[in-house]
1. How do the pairs read when you match residues in the range 104-123 that are among the acidic types (Asp, Glu) and at pLDDT below 95 with residues anywhere that are assigned to a helix (DSSP H, G or I) and crowded, with 16+ Cβ neighbours inside 10 Å, using Cβ under 9 Å and keeping only pairs 6 or more apart or on different chains?
2. Check whether at least one residue in the range 305-328 is farther than 29 Å from ASN2 by Cα, away from the ligand (no atom under 14 Å from the Cβ) and touching a residue at least 60 places away in the same chain (Cβ under 8 Å), and report yes or no.
3. Any idea how many residues of the range 264-291 are touching a strand residue (DSSP E or B) at 6+ places or on another chain (Cβ under 9 Å), outside any strand (DSSP E or B) and within 22 Å of ALA387 (Cα to Cα)?
4. Would you confirm, using the coordinates I've provided, whether LYS246 is within 16 Å of the ligand (Cβ to nearest atom) and among the basic types (Lys, Arg)?
5. Six or more apart or on different chains, Cβ under 8 Å: which pairs go from a residue in the range 391-405 that's touching a residue at least 60 places away in the same chain (Cβ under 8 Å) to one that's of a type in the set (Phe, Trp, Tyr) and surrounded by 10 or more Cβ atoms within 10 Å (Cβ to Cβ)? Could you list them?
6. With respect to the numbered conditions (1) surrounded by 15 or more Cβ atoms within 10 Å (Cβ to Cβ); (2) in contact with an Asp or Glu (Cβ under 7 Å, 6 or more places away or on another chain); (3) in a strand (DSSP E or B), which one is the sole condition not fulfilled by MET261?
7. Go through the range 1-45 and report how many residues are in contact with a Phe, Trp or Tyr (Cβ under 6 Å, 6 or more places away or on another chain), within 16 Å of the ligand (Cβ to nearest atom) and assigned to a helix (DSSP H, G or I).
8. Counting only residues that are hydroxyl-bearing (Ser, Thr, Tyr) and part of a strand (DSSP E or B), which one in the range 338-386 is farthest from the ligand (Cβ to nearest atom)?
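The values are calculated or read from the model by the stated rules, or taken from the named source; none is laboratory data. Source: prediction; values computed, not measured. Glycine gets a Cβ as well: all are built from the backbone with ideal geometry, and neighbour counts include every protein chain shown.
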Amino acid sequence: MNQEDVFRKLISHCKEYGFIFPSSEIYDGLSAVYDYGQNGAELKNNIKKYWWDSMVLLNEEVVGLDAAIFMHPMTWKASGHVDAFNDPLIDNKDSKKRYRADMLIEEKLAKYDDKISRDINKAKKRFGADFDEQQFVTTNPRVLANREKLDNLNKRFARAMNDSDLKELKQIIIDEEIACPVSGSKNWTDVRQFNLMFSTEMGSTAEGASTIYLRPETAQGIFVNYLNVQKTGRMKLPFGIAQIGKAFRNEIVARQFIFRMREFEQMEMQYFIRPGSELEFFENWKQRRMKWHKALGFNEDDYRFHDHDKLAHYANAATDIEFRFPFGFREVEGIHSRTDYDLGAHQKYSGKKIQYFDPEHNESYTPFVVETSIGLDRMFLQIVTAAYHEETLKKDDGKEDQRVVMKLPPALAPVKLAVLPLTKKDNLPEKARKIMYDLKFDFNCQYEEKDSIGRRYRRQDAIGTPYCITIDHQTLKDDTVTVRYRDSMEQERVSVESLRENIKEKVDITTLLKKL
Ligand code: GAP
């Protein structure tokens, strides 16, 4: 099955099993806006908890914040978003489709990258254990040619973006012979800038109302509260403020399901530090964040850093943590060294002094900031992508069977334990209910008595439940149940008494946090 088909199946699986629905679907949905269903909401909450605890619980010097979505309009002038939070858009004159010029070029870059990876993989297969990748990539003429094209394009693209040179962006699209995916033509309009912030009016009368913006990032809520938190928490540098909340962007091209949405959630942490130490902390947070991702236990080769050539208007170093989605490696999280750009700008626009007195060095300064910024929805997509498996199983009678299983880390799974009476009679449901009642205070349990046990297992596999227990006639005699493990499908007889301790230990967020 090709990757596009896998992705299509994943999207319909997410809908069929109550993870994600198109927003206001009964009115045919709203483009690039989604709702999380009963299982999606649980998974999302578990991801939030993993992130929040890893920041606020494990680091004494990191505290939380929950700022409002609406902010004083001057915030966005100071942050640079009013003037510079733009995407370059371009239309194809034949299909009338609108694209982000930078994304068309990024797709071209990804194609060169894919060609290189394909050549490496082919050679790996051909030469087997003798394969020397380093030698291959430095000598193979095709790889070298594609690498040169990729590097040149990268440099040219970064320059054009840094200079906001719209003519050059169009010229790159022409020179690289980029065609519209719909019409196949290269008949393009000029490139224009488009501001991504949503605006609305606050106030009841037309004259008195003022234009305010829905925040396009949560970070500014942290910056404008820097003094409040530093003073009330008596915080010493370095310290961090973490926040989870909604952000809104009027994306021109919103596609790939929940990868690029118009309303989404961010989990951001701003780490305030002494100027001059930013690159050391930048490197440190880079490594720590990658460790957080890899602790989930998915394939390590599917993660990589992508250091930025093109820096945002506020950054002096930046990297992305990328994951291999079915449509290629894409950003999940950004780590940025934002200098004193934001605090400095808020100081200037508000007229309030935003300084830190450093007792160790006996001097005052505006702190520098290293930020870690991850999209919760994108992280959700990363997790379900990595967890989704289709398996062919051999049955006892020799025939084949299929199952779809979400191999979610148990600590993130929406339901931890399914409680399944073998039949609906002989007091088995009552016994099952009692066991469930005893366990439901510790973790999320689901009771199911309808259909055959095999079908119930499949339904639980499809939502990623790591443990199913079956209550049968023997349970009534000796207080034991069968535990069935999601990934291995093995079954084991255990005492009811031992369930809580055994399962709790494996499904607790602490199991992930201890790996950090
Ligand atoms: N405060 C810095 C900041 O907002 P960003 O790279 O623009 O940086 C950070 O966004 C993260 O937010 C991204 O890595 C991505 O995971 C997520 N994100 C950004 N735009 C998004 C969108 N339209 N839909 C879903 N997630 C998005």
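1. Note: pairs meeting the criteria are GLU106/PHE157; ASP113/ASN146; ASP113/LEU150; ASP119/VAL143; ASP119/ASN146.
2. Yes, the range 305-328 has at least one match.
3. Qualifying residue count for the region: 2.
4. yes
5. Partner pairs satisfying both residue conditions: VAL404/TYR388.
6. Here MET261 meets the rest and fails (3).
7. Adding up the residues that qualify gives 3.
8. Taking the candidates together, the pick is SER364.
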